[in-house]
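The structure appears right after this line, and notes come after that.
Any read-out appearing in this document is the output of simple, stated calculations on the displayed coordinates, not a laboratory observation. Please read all numbers here as calculations on a predicted model, not as lab measurements. Cβ coordinates were reconstructed from backbone atoms using ideal geometry, including for glycine residues, and neighbour counts include every protein chain displayed.
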Amino acid sequence: MSRIGKKPVTLSKGTSASVSGQTIEVKGPKGTRSFTAGDDVTIAIEGDVIKVTPRGLSKRARQQWGMTRSMIDNLVTGVTTGFKREMDITGVGYRAAAAGNILKLSLGYSHEVNFEVPKGVTVTTPKQTEIIVEGIDQQLVGQVAANIREWRAPEPYKGKGIRYRDEYIFRKEGKKK
């Protein structure tokens, strides 16, 4: 039995959901998101609660049960509070500036990096060394943050680069004389 799948997803105030076939659509204050589940699960809305049940006892049905419930919970969280990924820039002369849908990064290269932010995600820079990626789609927010981090991943000797706020960089000891 899936421990995650057994828990129902509760809809908060101001959020509504509708099911048509295997597609669930959730509307909230931040926008609208939808998800199409596989044929191995059944989605039912009972009042302000969404329940997911497997259609059989096969391994695939049990796998889809927990995954579908998690995806629906992420839809509800995205349209109510949204998702946020905070990043820090460490290094002398490394900085970021957001201008419209372009994020300008100075990361020690001979040129400035212009990162184009996709639709559905907002990138802000409260300080020159902070980047905040926000949106209602958890996968898209995480992917944009990973693409930004890819330009200068933190190195293990001095820790210079772009890192997630909650990330721990394992530091190595340098050469000894």
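At a Cα cut-off below 15 Å, give the aspartates and glutamates reachable from residue 84, other chains included and same-chain residues fewer than 8 away excluded. Output for residue 84: 130, 134, 137, 166, 167. With respect to the chain, whose longest principal axis is taken over its alpha-carbon atoms, helix 138-150 is tilted by about 20°.
Over segment 2-78, how many pairs of lysines fall under 13 Å by alpha carbon, counting only those 8 or more apart in sequence or from different chains?
Details: 6/51; 7/51; 13/27; 13/30.
Taking the Cα cut-off of 13 Å, the pair count is 4.
Using θ = phi - 60° in the Karplus curve 6.51 cos²θ - 1.76 cosθ + 1.60, the 3J(HN,Hα) couplings for segment 65-73 round to 4, x, 5, 5, 4, 5, 5, 5, 4 Hz; x is entered for Gly and Pro. FRET efficiency for the residue 167 to residue 143 pair, using the beta carbon distance and R₀ = 22 Å, is estimated at 0.85. Computed per residue of the chain from DSSP H runs no shorter than four, each worth -39500 (n - 2.57), the mean residue ellipticity at 222 nm is -7000 deg cm²/dmol. Scalar couplings 3J(HN,Hα) for segment 163-177, obtained by applying the Karplus form with A = 6.51, B = -1.76, C = 1.60 to θ = phi - 60°, are 10, 6, 4, 9, 8, 9, 9, 6, 8, 9, 8, x, 5, 10, 7 Hz; x denotes Gly and Pro.
For segment 7-18, 3J(HN,Hα) computed residue by residue from phi via the Karplus equation (6.51, -1.76, 1.60; θ = phi - 60°) reads 6, x, 9, 9, 8, 7, 5, x, 10, 10, 9, 9 Hz, glycine and proline entered as x.
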